[in-house]
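> Sending over a structure as C-alpha cells; questions will come in a sec.
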C-alpha cells in the first residue's frame with residue numbers, strides 16, 4: 001500500500017480546510033423569484049391598487065428574507081438630466097416606488113432594527129452634507145414607512161416622507177435602504193447579486209415609468225448589508 005509523507009498529508013488537509021472556509025458568500029447566497037401573491041392587506045386600498053398584482057420574493061440561508069411589490073407605473077421623467085451622485089434622476093423625492101414585507105425583524109442600511117411587518121418604500125436622496133459622506137456611491141435611497149401610517153400613493157414632500165419613515169425606526173432617523181444601478185450584463189429578472197465591496201446583497205428588478213414609451217428602468221435595492229460607517 002502506498003504511503004504519503006506526513007508533510008504532504010498535512011498540506012492536503014490544510015488546503016481542503018482552506019477551500020471550505022473560502023466560500024462564505026456562496027454558502028450564504030440569496031436568490032430572487034417571482035411571487036404570485038397580491039400586495040398585502042395591511043396596505044391601504046389606494047396603495048395596494050397602485051402596486052403590481054404580483055411580487056418578488058428574496059430568500060436566503062434562513063428562508064424568506066423579504067417580499068417586494070413594485071409600483072405598476074412610477075411617476076418619473078423619462079429623459080431627466082443627469083445629476084452628480086444621482087443614479088435615478090427620473091424620480092421626485094417622496095415618489096412611491098413599492099412596498100416590502102419582512103417576515104422577521106431585519107436591519108436596514110444604517111443597521112437600525114426594523115420590526116417584522118409591511119412597509120411602503122418611497123424615493124429619497126441622501127442629503128449633501130458632511131454627515132453622509134461615504135455612505136454609498138450614490139445618493140439614491142428608498143425610505144421605509146409602516147403600511148398603517150402611509151395610506152396615500154401620491155407623491156409626498158421629502159419632509160412628509162421623512163416623518164413617516166421615522167415611525168419605522170421609532171427614532172429621529174428614517175429607515176434607509178440603498179438603491180444602486182443594475183449589473184452591467186444581461187440576466188433574467190428578478191435576480192440577486194453580491195458586491196464584495198461592503199459585502200452587500202442586492203435584488204435587481206425593472207420599474208416601469210408612468211407615460212414612458214421606452215424600456216422599464218432597471219435598478220437594484222440593497223437587502224442585506226449596511227453603510228461602511230453604520
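Please treat every number below as a calculation from the coordinates, not as lab data. Note that the structure is predicted; figures quoted are calculated from it, not measured. Cβ: placed from backbone, ideal geometry, glycine included. Neighbour counts: every protein chain shown.
> Give the order of 29, 215, 226 when sorted by the count of other beta carbons within 10 angstrom, beginning with the fewest. All intermediate terms of the calculation are to be shown ahead of the outcome.
Values: 29 14, 215 9, 226 19.
The fewest-first ordering by Cβ neighbours comes to 215, 29, 226.
> Can I ask one more? At each listed q (0.11 Å⁻¹), what is the log10 of I(q)/I(0) that the Debye formula gives for segment 26-224 modelled as equal alpha-carbon point scatterers?
With no solvent term, the Cα-only Debye profile gives -0.45.
> Moving on to the next point. Need the full-extension length gain, residue 215 to residue 46, defined as separation in residues times 0.36 nm minus the C-alpha distance. One decimal, nm.
Working: separation 169, 0.36 × 169 = 60.84 nm, distance 2.59 nm.
Separation in residues times 0.36 nm, less the Cα-Cα distance, equals 58.3 nm.
> With the cut-off at 1.5 for a/c, could you classify segment 149-230 from its C-alpha gyration tensor as rounded, prolate or oblate? Don't skip to the end; give the middle numbers.
Values: a/c = 2.90, a/b = 1.21, b/c = 2.40.
The shape class here is oblate.
> Also, quick follow-up: Quick one: grab Rg to one decimal and Dmax as a whole number for segment 76-123, Cα atoms only, in Å.
When restricted to Cα atoms, segment 76-123 yields Rg and Dmax of 14.2, 39 Å.
> How many nm separate the modelled label positions at residue 79 and residue 159, each set 7 Å beyond the Cα in the direction of the Cβ?
Inter-label distance under the simple model: 3.5 nm.
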